[in-house]
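Note sheet for the following structure.
The values are calculated or read from the model by the stated rules, or taken from the named source; none is laboratory data. Predicted model, so just to flag it, every value in this text is computed and none were measured. Cβ sites come from the backbone with ideal geometry, for glycine too, and all protein chains shown count toward neighbours.
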Amino acid sequence: MLKLSPALLRINLMMRVLFCLLSTIALKAEAQNKIIVQVSNFENNKGVGLICLFDNAKAFVGKGDPIKKAIVTPSNGFAIAVFDNMPTGTYAISVIHDANKNNKFDTNFIGIPTEGYGASQNKLPFAAPPKFEANKFIIGAGITLTIPIKLRYLL
């Protein structure tokens with residue numbers, strides 16, 4: 001077994017302590033990332049806005065759950081949600097105006113949305129749901145990112 005001198009042991013211990021301190025500082029910087037979602041164009045102040053944050057394409061199209069959700073009350077056509085302590089990464093946001101508070105995205109008998117909807121880059125195809133790739137954004141370390149979303153109503 002290799003025996004280290006007291007000086008080398010002290011250096012080894014100091015390096016470990018330094019590594020732990022730097023890791024803690026990096027985690028704190030990453031944990032301070034913030035996403036502010038500003039939703040505009042609510043048709044009325046009825047119901048709530050359901051704001052969902054996703055980190056993958058499957059969940060974004062309904063084949064999984066959002067990593068975070070916020071329920072906001074519209075006021076004068078506007079609402080804000082804040083997602084604190086976000087890790088660095090790639091995300092996309094979807095929003096629906098759940099005017100009747102039934103916790104789902106309502107459509108008519110042929111599938112046309114009857115409630116407002118939006119996405120993080122405001123890329124909303126007319127005859128298809130928004131896509132993760134078109135609406136994704138990246139948040140880096142120590143960042144506060146503001147995402148403006150304008151709701152669209154088809155009916």
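Restricting to the stretch 135-147, name every residue that is assigned to a strand (DSSP E or B) and either exposed (fewer than 13 other Cβ atoms within 10 Å of the Cβ) or at pLDDT below 95 (or both).
Selection gives Ile138, Thr146.
Based on what the data block shows, is Gly49 more than 30 Å from Gly142 (Cα to Cα) and either at pLDDT 95 or above or assigned to a loop (DSSP other than H, G, I, E, B) (or both)?
no
Of the numbered conditions (1) modelled with pLDDT of 95 or more; (2) within 19 Å of Lys63 (Cβ to Cβ), Gly116 fails exactly one; give the number of that condition.
It is condition (2) that Gly116 fails.
Residues checked against (1) crowded, with 19+ Cβ neighbours inside 10 Å; (2) assigned by TED's automatic domain parsing to the domain that holds Thr144; (3) touching a strand residue (DSSP E or B) at 6+ places or on another chain (Cβ under 9 Å); (4) at pLDDT below 95:
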site	(1), (2), (3), (4)
Phe42	yes, yes, yes, no
Ala57	no, yes, yes, no
Lys69	no, yes, yes, no
Thr73	no, yes, yes, no
Asn102	no, yes, no, no
Gln121	no, yes, yes, no
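Can you tell me how many residues in the stretch 69-104 are in a strand (DSSP E or B) and farther than 15 Å from Ile139 by Cα?
14
From the residues in the stretch 123-134 that are exposed (fewer than 14 other Cβ atoms within 10 Å of the Cβ) and at pLDDT below 95, which one is nearest to Gln32 (Cα to Cα)?
That would be Pro125.
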